[in-house]
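Quick note: the coordinates plus some simple rules give every number you see, no bench work behind them. All values reported here derive from a predicted model rather than from experimental measurement. Every residue, glycine among them, receives a Cβ derived from its backbone with ideal geometry; neighbour counts consider all protein chains shown.
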């Protein structure tokens, strides 16, 4: 039987079997609590630099199809699961998960005790790690894990953003838009999406909700954006530490008050930094489709889809300018904010629900109202 090892920087070793690409990879080892949507997770650019562990034990049973990809390719550095399904059964499936990872040279390991691994990460925090099916020396792998690069202080956005502007015109198909509102016969509003690692489903949602979307690279300056005469600017999700991505949040700072702004995930962290706040690294992050968040204005609790390892420090925000709008009910971290004077707001989670619940779809309606009617 072929063997593979997972080694963490603190010396913990797991032995399992290889799948996907045979080789070696390193990254920050994190976990995701979603019950489904492994393909969307693999192809989310926010996972650049990370090895993802799925807490749900049975993975691969419905296969993979390119239509469900959230970007042009998988971005994870490696994939860890408990059980690789020997049977693939879904009418939309085009290939197995194993074949998909082989195609894109993603190293995987299965058959390890993922419960033990996740408890270890939950108690001790995310760790740098190495998966290898070519070097099976535990001591050597632990050394490699210790010496592997950290994601703290590193700009990963430049590795996932688009290289040139483009217009995105696809929308969600009818069979996959329930229970969201159908496309309304209303005036189309032109917005710019600043690509920090955007997912296709986010762009589809923006189109579905009445926006005409042009996507621009993350390094696009405020002056370049304003020359395009957008009616609103959207800042997308993306990977890693937000503070080193100075060109994004400094550009956003120049745009606040000149055009309506909506940011999600990394875009939320950019908003916090642009407004004078700070960010910090969470112990093990928020990743999954079951995170409870309360909207402080309505007292409504949303079950949200999340994927981030950093958070905005609420206490660092200027209270005279910024209102905290949403809180995470698990750890009370900031999940949403808005400017008190200008049309600018953001949330830490993924309202496009891919994968995940549909509770937060109203945020796209809120952005449309801000752009169309000046309501915020």
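Based on this model, can you work out whether residue 94 counts as touching a helix residue (DSSP H, G or I) at 6+ places or on another chain (Cβ under 7 Å) and surrounded by fewer than 13 Cβ atoms within 10 Å (Cβ to Cβ)?
no
Which of the numbered conditions does residue 219 fail, given that it passes all the others? Conditions: (1) assigned to a loop (DSSP other than H, G, I, E, B); (2) crowded, with 23+ Cβ neighbours inside 10 Å.
With (1) assigned to a loop (DSSP other than H, G, I, E, B); (2) crowded, with 23+ Cβ neighbours inside 10 Å applied to residue 219, the lone miss is (2).
Restricting attention to the stretch 229-258, report how many residues are in a loop (DSSP other than H, G, I, E, B) and farther than 26 Å from residue 70 by Cα.
4
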